[in-house]
Amino acid sequence: MRDKAQRPIIHFNLRQAIDAGFSNVDDFIDIFDAVMNYSIMHAIVPGQIETFTFLMDAQEVPIYEFPVA
């Protein structure tokens, strides 16, 4: 997805991550780091697209299921 200025929007669905087994903090940090590194390597064009939006969708995740330390 992209916004009006054609900057990338990275949508991360927390419910899908928890259902896939990423329920503790270390797993969550590892997947977040991988998504960020991939986004920086493939979504950033120096001089043209230098920012992006990261949207974490936690709509269907109750507070007791959040991965916290």
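Out of every Cα-Cα pair in the chain, what percent are more than 16 Å apart? More than 16 Å apart: 52 percent of the Cα pairs in the chain.
For residue 16, the shell of other residues with beta-carbons less than 11 Å away shows a net charge of -2, using +1 for Lys and Arg and -1 for Asp and Glu.
What net charge do the residues around residue 59 carry, taking every other residue with its C-beta under 13 Å from that of residue 59, with Lys and Arg at +1 and Asp and Glu at -1? The answer is -2.
Accessible area of residue 14 (1.4 Å probe, protein heavy atoms only, ligands and nucleic acids ignored): about 0 Å². Our estimate of slack between residue 12 and residue 45, defined as 0.36 nm per intervening residue step minus the Cα-Cα distance, is 9.7 nm. Going by alpha carbons, how many degrees (0 to 90, nearest 10) lie between the helix axis of 25-43 and the longest principal axis of the chain? Helix 25-43 and the main axis of the chain meet at about 10 degrees.
For the chain, the mean residue ellipticity at 222 nm estimated from helices alone is -11500 deg cm²/dmol, where every DSSP H run of n ≥ 4 contributes -39500 (n - 2.57) and the total is divided by all residues, rounded to the nearest 500.
Accessible area per residue for the chain is 74 Å², calculated with a 1.4 Å probe on protein heavy atoms, without ligands, DNA or RNA.
Take residue 25, project a point 7 Å from its Cα along the Cβ direction, then tell me which residues of segment 39-69 have their backbone nitrogen under 16 Å from it. In segment 39-69, the label zone of residue 25 (backbone N under 16 Å from the point 7 Å along Cα→Cβ) covers 64-69. At 1.4 Å probe size, with the rest of the protein present, what percent of the exposed accessible area of the chain is carbon and sulfur atoms? C and S fraction of accessible area: 56 percent. Available extension along the chain between residue 63 and residue 34 is 8.0 nm, counting 0.36 nm per residue and deducting the alpha carbon span. Among the trypsin sites (Lys or Arg not before Pro) found in segment 1-58, those both in a DSSP coil and sparsely packed, with 12 or fewer other Cβ atoms within 10 Å of their Cβ, are 4.
The values are calculated or read from the model by the stated rules, or taken from the named source; none is laboratory data. Since the structure is predicted, the reported quantities are computational estimates derived from the model, not experimental observations. Here Cβ is always computed from backbone atoms with ideal geometry, including for glycine, and neighbour counts include all displayed protein chains. Surface accessibility is based on the protein's heavy atoms, side chains included, excluding ligands, DNA and RNA. Shrake-Rupley method; radii C 1.70, N 1.55, O 1.52, S 1.80 Å.
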